[in-house]
1. I'd like the antiparallel share, as a percent to the nearest 5, of DSSP beta bridges with both residues in the stretch 1-64.
2. Just to be sure I understand the curve: with the Debye formula and one point per C-alpha of the stretch 1-125, what is log10 I(q)/I(0) at q = 0.14, 0.18 Å⁻¹?
3. Viscosity 1.567 mPa s, temperature 4 °C: Stokes-Einstein D of the stretch 1-45 from its Kirkwood Cα radius, in µm² per second?
4. Over the Cα atoms of the stretch 32-76, how large are the radius of gyration and the largest Cα-Cα distance (Dmax), in Å?
5. Where does the Debye-calculated log10 I(q)/I(0) of the stretch 42-104 sit at q = 0.14, 0.20, 0.24, 0.26 Å⁻¹, using only Cα point scatterers of equal weight, no solvent?
6. Output the peptides 11-18, 98-105, 23-30 sorted from most to least packed, where packing is the average of other Cβ atoms within 10 Å over each peptide's residues.
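Every read-out reported here was derived from the displayed coordinates using simple, explicitly stated rules and does not represent laboratory data. Being a predicted model, the structure only gives us computed values, none of them experimental. Cβ placement follows ideal geometry from the backbone for every residue including glycine, while neighbour counts extend to all protein chains displayed.
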């Protein structure tokens, strides 16, 4: 398995899309459809998919009234700029489910909030080793001119 695509049922895809973009510090864009949107990381990895309740015949996405949205689900995101994510979260929510603290299991800073549909969302800092590893995997943009990087990206998809 390479990746999972977590899909959650939401009342308003556009509104939830904007909320998560704000939390993650992403540029404001619109979902591709009124009933479905995917939030992507800068490398194209799907972070979260948002699906309008009741639009299609998916058994677990028919109605939020068939069960409690988010029951048994914890959305857990690791971010490389925890301090900025915390500032953005403070602007988005009236209260935190869990105040910022150090998780004794991961030994990283984290906080938890509820999204507009009531899902429990935890945001955690990357551990120091993860930050170093992520930084070492980033391409050195000074090695190639910008035009060469753009061409390489375009030809990879062919």
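1. Working: 5 of 9 bridges.
Of those bridges, close to 55 percent are antiparallel.
2. -0.62, -1.02
3. On the way: Rh = 11.3 Å.
Once the numbers are plugged in, D ends up at 114 µm²/s.
4. Gyration radius and largest Cα-Cα distance of the stretch 32-76: 12.3, 36 Å.
5. For the stretch 42-104, the Cα-only Debye profile gives -0.67, -1.07, -1.16, -1.21.
6. Values: 11-18: 17.9, 98-105: 10.5, 23-30: 13.1.
Ranking, from highest mean packing down: 11-18, 23-30, 98-105.
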